[in-house]
Amino acid sequence: MGSSAVVRATSYCWTAGADLEERERVVATTDPAEKAAARAILYGPGGAGLFSDGKLNFSPRIGGAPLDVLDGPLHLELSRYVIDELGLDLAHPSVEVKERLEAQLFRGLDWELVPVPQAHIGSDYLPSVVRQLIAGFEDRILCGRRVVAIGQSDDGFYAETDDEVFRAENLVVAVGQAGSKFAERVARQFGLTVDPAPADIGIRVEMPSELWETMVELQWDPKIYWRVQSSEVRTFCTNPRGYVVVEYKRGFFSVNGHAKRDSGSDYTNFALMVRLPVDDPNEFGVRFSQRISNATGERLLVQRVADLLGGRPTTSIGSWRPTCGAYVLGDIRPFYPPAALEAYISVLSAIDESFPTFVQSGSIVYAPEVKLYSNRIVVNKNSFESEIPGLFFLGDSCGHIHGLTNALLSGLACARHCAFTPSMRA
Ligand SMILES: Cc1cc2nc3c(=O)[nH]c(=O)nc-3n(C[C@H](O)[C@H](O)[C@H](O)COP(=O)(O)OP(=O)(O)OC[C@H]3O[C@@H](n4cnc5c(N)ncnc54)[C@H](O)[C@@H]3O)c2cc1C
């Protein structure tokens with residue numbers, strides 16, 4: 001700690017990354033393949049949510065295992081609170097459309113369409129929503145503070161950045177997917193129980209938007225689950241008329257997507273994810289993505305679906321203009337475990353059977369899509385307090401839940417717990 005400045009704080013938020021204005025400036029003016037842009041997407045106030053698509057899923061079946069950490073009635077109550085507070089226009093999937101799609105699509109495959117009430121804020125509106133959320137306590141959000149260590153002292157906890165030490169009676173760790181390794185390190189250092197999480201690896205499909213319109217009619221982000229031999233393939237993060245983006249995390253690049261509300265591209269993108277049982281999911285995900293980053297010179301790898309199904313590398317995509325410019329053409333097959341590859345190929349073929357111009361139109365896939373979930377840190381249900389009283393793990397970094405809605409719900413549940421626990425109201 002040496003000559004570091006010491007700050008006593010009970011209700012401050014320290015975040016790595018620049019403030020909102022600077023993040024917006026960097027993302028608007030920097031090549032998306034630059035690490036600075038990729039960092040600005042993930043770090044700072046609003047977190048990874050700031051430049052996300054803003055799809056809010058209100059179902060306890062979506063986003064990890066929310067019911068492991070929130071009772072059903074509390075999940076529902078807090079969801080209603082978020083919907084009211086943000087004035088969300090919630091779309092409820094039509095049972096009629098669901099039944100029609102189930103009767104028409106993917107015949108012969110074992111599959112399920114999960115209806116989810118959803119709201120879509122849009123990446124173009126998210127910065128204003130984040131401003132609304134933090135209004136009144138902006139001065140308590142201390143930007144540019146990457147916490148490098150957390151420890152316990154006689155009167156609570158301390159968090160160290162490179163040149164400061166903050167002290168607090170209670171400490172909340174909510175460092176997102178980008179900080180999952182850090183959260184786990186803290187948990188292990190405190191001797192907390194940490195259960196392994198699975199690894200989700202995927203590819204991101206980009207197709208002409210009119211092709212997926214029937215699916216989007218059901219809901220903005222259709223949740224489809226296919227069972228292919230021993231694997232389950234699921235759609236993740238559909239972006240109708242959206243854009244594919246590149247993310248930089250701890251030494252590798254991966255793909256993601258978003259969509260605006262008022263304008264859009266001519267393409268729809270979504271991920272096909274496969275869950276893999278591996279010993280160390282984080283390590284596996286990092287190494288898997290790094291192999292692709294190393295082979296592509298830190299670009300995404302793009303292959304035409306036609307070439308993937310035909311078993312050959314892609315050398316040309318004709319007049320197709322991928323919505324993400326940071327890519328090289330090639331062959332994704334050598335990088336994926338055979339079971340995952342086989343599962344994607346079965347699903348892509350089934351999509352082509354149900355949507356006949358899918359392959360022929362020149363649709364492409366981007367690699368790698370990877371979700372580095374935190375291993376699951378044991379926390380108390382409904383409060384997110386760990387086995388060490390006063391130390392909380394929220395959102396993506398607790399490992400049990402993923403996504404914007406669940407991050408919001410975990411914050412609210414924790415805040416409510418603290419508000420009703422007399423010793424914590426300071
Ligand atoms: C491009 C993109 C699109 C997405 N689209 C959607 C979507 O449509 N719907 C959806 O539900 N989810 C989406 N997600 C995922 C969603 O953004 C996250 O699940 C959500 O933001 C998690 O919230 P969180 O608060 O747990 O973590 P984050 O939002 O990641 O916030 C983590 C915070 O911790 C800070 N931090 C990290 N490490 C440190 C450290 N060592 N010291 C100090 N501060 C630190 C960061 O600066 C950041 O402010 C998307 C993500 C991306 C990247």
Self-check item: Odd one out for Ala407 among (1) part of a helix (DSSP H, G or I); (2) closer than 21 Å to Asn269 by Cβ
Solution: (2)
Quiz item: Of the residues in region 224-247, how many are open to solvent by 10 Å² or more (accessible area, probe 1.4 Å) and in contact with a Lys or Arg (Cβ under 9 Å, 6 or more places away or on another chain)?
Solution: 8
Quiz prompt | All positions within region 239-269 that are closer than 21 Å to Leu88 by Cα and within 9 Å of the ligand (Cβ to nearest atom) | solution = Asn239, His258, Ala259
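Here are some residues: Glu206, Glu213, Glu184. Which one is assigned to a helix (DSSP H, G or I) and either under 23 Å from the mean Cα position of the chain (by Cα) or buried (at least 21 other Cβ atoms within 10 Å of the Cβ) (or both)?
Details: Glu206 fails: assigned to a helix (DSSP H, G or I); Glu213 fails: either under 23 Å from the mean Cα position of the chain (by Cα) or buried (at least 21 other Cβ atoms within 10 Å of the Cβ) (or both).
The unique qualifying residue is Glu184.
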Quiz prompt | Near pairs, Cβ below 6 angstrom, 6+ apart or cross-chain, from region 185-210 (farther than 18 Å from Ala306 by Cα) to any residue that is among the charged types (D, E, K, R) and buried (at least 22 other Cβ atoms within 10 Å of the Cβ) | solution = Asp195/Arg376; Ala197/Arg376; Asp200/Lys371
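Just checking, does region 100-116 include any residue being closer than 17 Å to Leu404 by Cα and of a type outside the set (Gly, Ala, Ser)?
Of the residues in region 100-116, the ones closer than 17 Å to Leu404 by Cα are 116.
Of the ones still in play, those that are also of a type outside the set (Gly, Ala, Ser) are 116.
Yes.
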Exercise. Mind counting the residues in region 318-339 that are assigned to a loop (DSSP other than H, G, I, E, B) and either without any contact (Cβ under 8 Å) to a residue 40 or more places away in the chain or surrounded by fewer than 18 Cβ atoms within 10 Å (Cβ to Cβ) (or both)?
Key: 8
Quiz item: Hey, does region 273-285 have a residue that's open to solvent by 10 Å² or more (accessible area, probe 1.4 Å), in a strand (DSSP E or B), within 13 Å of Ile364 (Cα to Cα) and at pLDDT 90 or above?
Solution: no
Exercise. Output the number of the condition that Leu76 fails; it satisfies all remaining conditions of (1) buried (at least 17 other Cβ atoms within 10 Å of the Cβ); (2) without any contact (Cβ under 8 Å) to a residue 40 or more places away in the chain.
Key: (1)
Self-check item: Close pairs (8 angstrom Cβ cut-off, 6 or more residues apart or separate chains): under 16 Å from Ser386 (Cβ atoms) and in contact (Cβ under 8 Å) with a residue 24 or more places away in the chain in region 155-171, surrounded by fewer than 20 Cβ atoms within 10 Å (Cβ to Cβ) and among the basic types (Lys, Arg) anywhere
Solution: Gly156/Arg167; Phe157/Arg167; Ala168/Arg8
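How about region 259-272: which of its residues are in contact (Cβ under 8 Å) with a residue 60 or more places away in the chain and open to solvent by 30 Å² or more (accessible area, probe 1.4 Å)?
First, the residues of region 259-272 that are in contact (Cβ under 8 Å) with a residue 60 or more places away in the chain: 259-263, 267-272.
The answer is Lys260, Arg261, Asp262, Ser263, Tyr267.
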Quiz item: Scanning region 167-181 for residues that are touching a Ser or Thr at 6+ places or on another chain (Cβ under 8 Å) and part of a loop (DSSP other than H, G, I, E, B), which turns out farthest from the ligand (Cβ to nearest atom)?
Solution: Glu169
Exercise. Specify the residue that is nearest to the ligand (Cβ to nearest atom); the eligible residues are those in region 216-238 that are farther than 22 Å from Asp124 by Cβ and in a helix (DSSP H, G or I).
Key: Leu218
Exercise. Could you look through region 103-148, keep only residues that are open to solvent by 70 Å² or more (accessible area, probe 1.4 Å) and in contact with a strand residue (DSSP E or B) (Cβ under 7 Å, 6 or more places away or on another chain), and pick out the one that is farthest from the ligand (Cβ to nearest atom)?
Key: Asp110
Quiz item: Do any residues in region 114-140 that are closer than 30 Å to Glu232 by Cβ and in contact (Cβ under 8 Å) with a residue 40 or more places away in the chain have Cβ atoms under 8 Å from those of residues that are outside any loop (DSSP other than H, G, I, E, B) and open to solvent by 70 Å² or more (accessible area, probe 1.4 Å), where the two are at least six apart or on different chains, and which pairs are they?
Solution: Pro115/Val95
Quiz prompt | Evaluation of Glu342 against (1) open to solvent by 20 Å² or more (accessible area, probe 1.4 Å); (2) touching a Cys at 6+ places or on another chain (Cβ under 8 Å) (one fails), failing number | solution = (2)
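Against the definition (β-branched (Val, Ile, Thr) and crowded, with 18+ Cβ neighbours inside 10 Å), how does Thr161 come out, yes or no? Outline the logic, then answer.
Details: β-branched (Val, Ile, Thr): yes; crowded, with 18+ Cβ neighbours inside 10 Å: yes.
So Thr161 passes the test.
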Quiz item: Here is a list of conditions, (1) more than 11 Å from the ligand (Cβ to nearest atom); (2) modelled with pLDDT of 95 or more; (3) in contact with a helix residue (DSSP H, G or I) (Cβ under 7 Å, 6 or more places away or on another chain), and Val370 meets all of them except one; can you say which number that is?
Solution: (2)
Exercise. For region 131-147, enumerate the residues that are out of contact with any Pro (no Cβ under 7 Å at 6 or more places or on another chain), closer than 18 Å to Leu408 by Cα and in a helix (DSSP H, G or I).
Key: Arg131, Gln132, Leu133, Glu138
Quiz item: Looking at (1) without any contact (Cβ under 8 Å) to a residue 24 or more places away in the chain; (2) of a type in the set (A, V, I, L, M, F, W, C); (3) farther than 24 Å from Ser397 by Cβ; (4) within 14 Å of the ligand (Cβ to nearest atom), which is the only condition Leu88 fails?
Solution: (1)
Practice problem: Out of the residues in region 12-65 that are modelled with pLDDT under 85 and open to solvent by less than 20 Å² (accessible area, probe 1.4 Å), state the one that is farthest from the chain's Cα centre (by Cα). | Solution: Ala33
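The values are calculated or read from the model by the stated rules, or taken from the named source; none is laboratory data. Everything numeric in this text was worked out from a predicted model, so none of it was measured. Ideal geometry is used to build each Cβ from the backbone, glycine not excepted, and the neighbour counts take in all protein chains shown. Calculation scope for accessible area: heavy atoms of the full protein, side chains included, ligands and nucleic acids excluded. Shrake-Rupley method; radii C 1.70, N 1.55, O 1.52, S 1.80 Å.
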